[in-house]
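Colleague: Quick one: structure below, then a few questions.
The values are calculated or read from the model by the stated rules, or taken from the named source; none is laboratory data. None of these values were measured; they are calculated from a predicted model. Using ideal geometry, Cβ is built from the backbone for each residue, glycine included, and neighbour counts are taken over all protein chains shown. Only protein heavy atoms, including side chains, enter the accessible area calculation; ligands, DNA and RNA are left aside. Shrake-Rupley method; radii C 1.70, N 1.55, O 1.52, S 1.80 Å.
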Amino acid sequence: MVPTSSKPLSSGGGGAIVKLFNGEGLTVTSNNDLIKVHELPISFKDECRRFLLTGEVDGARAMIEARTGSLTVARMEAETTKPYALTVDFYMVSDKVRKTSRPVSELAKLVNDTSQLLAQQCNIHLKKQYIYPEYKVDADLGEVILVRDMQKRYETQDVYLIFQGCRNTADLNVFCVWEYEMNAENAAKGDVHTGLHFGQGRILIEDDYITDSVNKKVGKWTLMHEAGHALGLKHKDGTIMADIGQTKTSYLRKTQIHKMWKSAGKTAKK
């Protein structure tokens, strides 16, 4: 993915930097003038060759090739995309008995980490907008909030109570809760969910594992996964919407992330 820009990098313009290992003596070119290749100084960290890819036209595609004579040694496909921003509001939920334990101070990093993952692949950027630190629900939602009647396929009263005060001032409205489950049967078996998208950009995220620096199950991967749903992706749409434990490479499968990008402007603003 190459961010479109009409400015040079020195003047605030953007681009994508790629590395070529063991590429001494190779010629690196683009087969489309709409995406240009600029060689950068060699990095002293890994001694690889680095190239800045730039483009001004959205949707341009090119094959970047490293050759020796007429022999192509390595190649990669590049595509330009315009930047797109998704705004995020956070609601720190409490009821008559308990409240979310997610620190407000963590939200900026959560948004930044998620945005970096999306920006690297499809030039989508999350922007933290409003935080509602004392979002109170006038009820006792219980230790485990049941969010859906799986037999009748509708949201429970608890969900209605949580969402009734949603301001709908952002593309993504994230409600931080202590624990939820899809139905009573799953609640009895133990927690199996960490994030859930309900439509209209409304998302639940749990507090579980919030201090787990190794797993971070309810962090950037969860927010990114649910943002994918908000932008129209289903679980069947490739590994981008697979379980949140996926690695970055498989989670951001190129074809699905581009589909997500192309539908973002239409879906998120409805």
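Colleague: Considering amide H positions built from the backbone, and no H for Pro or chain starts, which residues 5 or more places from Glu181, or on another chain, come under 5 Å of its amide H?
Modeller: Counting only residues 5 or more places away or on other chains, the set is Ile145, Leu146, Val147.
Colleague: Going from most exposed to least, what order do Glu206, Glu134 have by accessible area with a 1.4 Å probe?
Modeller: Glu134, Glu206
Colleague: Residue by residue through the stretch 35-45, which ³J(HN,Hα) values in whole Hz follow from phi under the Karplus form 6.51 cos²θ - 1.76 cosθ + 1.60 (θ = phi - 60°), with glycine and proline marked x?
Modeller: 10, 9, 10, 10, 6, 10, x, 5, 6, 6, 6
Colleague: For His125, what residues show an amide H to amide H distance below 5 Å, using hydrogens built from the backbone and excluding near sequence neighbours?
Modeller: The answer is Tyr84, Ala85, Leu86.
Colleague: For Glu24 and Lys96 in one chain, what is 0.36 nm times their gap in residues minus the Cα-Cα distance, to one decimal in nm?
Modeller: Gain in length upon complete extension: 19.3 nm.
Colleague: Which order do the peptides 43-52, 138-147 come out in when sorted by mean C-beta neighbours inside 10 angstrom, highest first?
Modeller: In descending order of packing, they fall as 138-147, 43-52.
Colleague: List the residues whose amide H sits under 5 Å from the amide H of Tyr91, counting only those 5 or more places along or on another chain, with H placed 1.01 Å from N in the peptide plane.
Modeller: Tyr132, Val174, Phe175, Cys176
Colleague: Also, quick follow-up: State the extension gain, in nm to one decimal, for the chain segment bounded by Lys7 and Gln164, taking 0.36 nm per residue of separation less the distance between their alpha-carbons.
Modeller: 52.1 nm
Colleague: A follow-up question, please. What FRET efficiency do you get for Val104 and Tyr154 if R0 is 22 Å and r is their Cβ-Cβ distance, rounded to the nearest 0.05?
Modeller: Given R0 = 22 Å and the Cβ-Cβ separation, E is 0.10.
Colleague: Once the piece of chain linking Asp113 and Ser70 is laid out straight, how much longer is it, given 0.36 nm per residue of separation minus the C-alpha distance between them?
Modeller: Gain in length upon complete extension: 11.3 nm.
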